[in-house]
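Here is the structure we will look at, set down as structure tokens.
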Amino acid sequence: VLLATDGVSDDLLADRCGAFVRWMVDDLQSAPRAGTRIAAKLRAWPVPRHLDDKTVLLAWTEDE
């Protein structure tokens, strides 16, 4: 499940959303200081139409 404020969701293309989620899960789930890394990415997010908040919540389960 991906939830995002408009400062992020308005810039996600529907056909690339799956790749964005996969990147977050694959690259950030076991990374040290993952929260700090995603926060830095969101602060640097090139969003010309949105200067407000950029918040992302990702919840997933792993199939075993």
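The values are calculated or read from the model by the stated rules, or taken from the named source; none is laboratory data. What you see is a predicted model, and the numbers here were worked out from it, not measured in a lab. Neighbour counts are summed over all protein chains in view; Cβ atoms, including those assigned to glycine, are modelled from backbone coordinates with ideal geometry. Just the protein is used for accessible areas: all its heavy atoms, side chains included, with ligands, DNA and RNA removed. Shrake-Rupley method; radii C 1.70, N 1.55, O 1.52, S 1.80 Å.
Split the accessible area of the chain by element, probe 1.4 Å, and carbon with sulfur accounts for 55%.
The residues of region 1-45 have, on average, 67 Å² of accessible surface per residue, using a 1.4 Å probe with all protein chains present.
In percent, rounded to a whole number, the relative contact order of the chain is 67, using alpha-carbon pairs under 8 Å and six or more apart. With respect to the chain, whose longest principal axis is taken over its alpha-carbon atoms, helix 17-28 is tilted by about 60°. Multiplying the residue separation of T55 and V25 by 0.36 nm and subtracting their alpha-carbon distance yields 9.2 nm. Were the residues from V1 through W45 laid out at 0.36 nm apart, the gain over their Cα-Cα distance would be 13.8 nm. Rounded to the nearest 0.05, the FRET efficiency derived from the C-beta distance between S9 and D63 at R0 = 22 Å is 0.25.
A Cα-only calculation for the chain places Rg and Dmax at 12.1, 41 Å.
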